[in-house]
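Computed from the coordinates by the stated procedures, all read-outs in this text should not be read as laboratory data. Please read these numbers as outputs of a predicted model, since none were measured by experiment. So basically every Cβ, Gly included, is an ideal-geometry build from the backbone, and we count neighbours across all protein chains shown.
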Ligand SMILES: Cc1cc2nc3c(=O)[nH]c(=O)nc-3n(C[C@H](O)[C@H](O)[C@H](O)COP(=O)(O)OP(=O)(O)OC[C@H]3O[C@@H](n4cnc5c(N)ncnc54)[C@H](O)[C@@H]3O)c2cc1C
């Protein structure tokens with residue numbers, strides 16, 4: 001029987017295992033250094049915030065693995081020997097594979113800041129990080145202030161987590177506006193305001209110089225670059241992005257860049273070795289996507305795709321239109337297609353932006369300047385219907401069509417306020433059009449003939 005070994009029990013590795021099992025009787029072994037069982041990394045924050053227990057973020061019951069004949073090994077893979085098709089676990093035991101899937105995810109970036117390895121300085125990625133946070137910041141008495149370094153999605157999650165225990169937070173963000181490498185300026189500005197209104201001490205355009213130790217090797221304060229201001233704190237959250245977790249592959253002969261280099265079939269340069277999820281790096285980016293996609297759903301899609309290939313139906317990874325969702329404190333954010341920030345957008349990309357006059361609700365629609373083709377939408381505080389945007393992107397609809405039919409896309413519950421009329425009237429003023437928003441039609445949404 002063919003032996004499939006998967007390193008990493010995150011969403012990518014576990015999805016591959018589940019689908020290989022659906023399609024075949026192959027022997028499947030998953031090795032993980034982190035936990036015995038798969039858990040939802042995106043829900044880690046809710047454990048610290050007390051909304052859920054750790055066992056609640058494990059999507060499968062403990063009996064699931066045995067029932068599905070997926071063998072679980074707890075250990076760290078230290079070495080891979082492709083010639084002998086063997087890997088070494090914890091420098092001791094060895095294991096043979098016929099096919100090997102590398103799904104080892106990411107690790108938090110550290111940029112060599114003085115003091116970055118002190119007790120009390122930590123990232124937020126793993127179950128171990130969550131446990132460490134309980135030690136470093138159990139409450140506001142033990143942790144009088146936290147400083148978070150790096151203004152991305154994990155940074156704002158950590159801020160929300162600490163605030164849920166009344167721990168004051170200073171948030172150091174290198175950029176001049178929050179996440180403005182990704183978000184257009186109107187949205188980024190709205191999030192700046194929202195963070196400040198939540199009494200988070202947001203410091204834009206600010207870099208960390210140094211983390212200072214007390215006499216016991218614990219974090220005592222941070223020093224800000226340029227001003228040399230010293231901020232006393234007991235926790236430093238290092239959330240300045242993530243990097244593929246691939247150090248153990250350095251001498252394996254597997255081609256590495258920032259991640260494990262793969263082709264469209266998720267194959268590495270070595271036969272029978274594949275890489276998926278956060279640690280995989282496409283030789284050439286797919287469309288506007290980045291070569292490394294450190295997001296949940298792409299890991300799942302890669303796992304599903306690779307299972308097909310492993311089971312004899314060689315399939316290219318084809319992720320379709322970009323989408324994602326996240327939360328900025330209590331504001332829900334969704335994105336479909338491409339809406340680039342001012343820093344990344346090309347000359348032909350036009351934006352229509354609408355923001356609610358009082359509430360933290362806004363949308364930005366991107367379209368092609370000449371053809372008016374709809375390119376993408378970002379929404380904050382309004383829930384939209386994914387399938388519909390996917391369809392409109394496939395059908396290459398115009399921005400006028402999308403705005404006319406915006407009510408169809410709204411996925412907010414029935415009695416939520418709707419904003420289509422306000423949105424379309426601003427569009428008409430901005431672009432000299434006279435579009436009339438159509439009423440929501442279930443017939444159109446579900447394409448009932
Ligand atoms: C706090 C947080 C919030 C997030 N929120 C979102 C979100 O809202 N939306 C979104 O799209 N994405 C989010 N992400 C990103 C998302 O969680 C990741 O993209 C996804 O979990 C990556 O899955 P993966 O299977 O590739 O790797 P991972 O989930 O990282 O799993 C890899 C596993 O491999 C193990 N491993 C690594 N090396 C070895 C080795 N040598 N031997 C044995 N085991 C090894 C690791 O310990 C780990 O358990 C979030 C991430 C974090 C940390």
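List the extent of the Cα atoms of the range 323-446 along each of their three principal axes, largest first, rounded to whole Å.
Answer, in whole Å and largest first: 39, 34, 28 Å.
If you count the DSSP beta bridges with both ends in the chain, what percent of them are antiparallel, to the nearest 5?
55
Volume per residue, Å³, of the convex hull around the alpha-carbon atoms of the chain?
177
Specify the inter-centroid distance of the range 291-321 and the range 56-105, based on alpha-carbon positions, in whole Å.
19
Scale the Cα Rg of the range 210-368 by the rule-of-thumb value 2.2 N^0.38 Å and send over the ratio, two decimals.
1.40
In cubic angstrom, how much convex hull volume per residue do the alpha carbon atoms of the range 95-243 span?
140
In a solvent-free Debye calculation with one equal scatterer on each Cα, what is log10 I(q)/I(0) for the range 1-47 at q = 0.27, 0.32 Å⁻¹, listed in the order of the q values?
Normalising to I(0) and taking log10 leaves -1.00, -1.20.
When the expected Rg is taken as 2.2 N^0.38 Å, what fraction or multiple of it is the alpha-carbon Rg of the range 202-268?
1.74
For the range 20-97, what ratio Rg/Rh do Cα atoms give with a Kirkwood hydrodynamic radius? Provide the component values of the computation, followed by the final result.
On the way: Rg = 15.5 Å, Rh = 14.6 Å.
For the range 20-97, the value is 1.06.
Sorted by mean Cβ packing within 10 Å, highest first, what order do the peptides 324-335, 301-312, 350-361 take?
Ranking the peptides 324-335, 301-312, 350-361 by packing returns 301-312, 324-335, 350-361.
Could you check what % of the DSSP bridge pairs in the range 121-240 are antiparallel, to the nearest 5?
Rounded to the nearest five, the antiparallel share is 35 percent.
Given the Cα atoms of the range 62-157, and with Rh set as the inverse mean 1/r over their pairs in the Kirkwood sense, what is Rg to Rh to two decimals?
1.09
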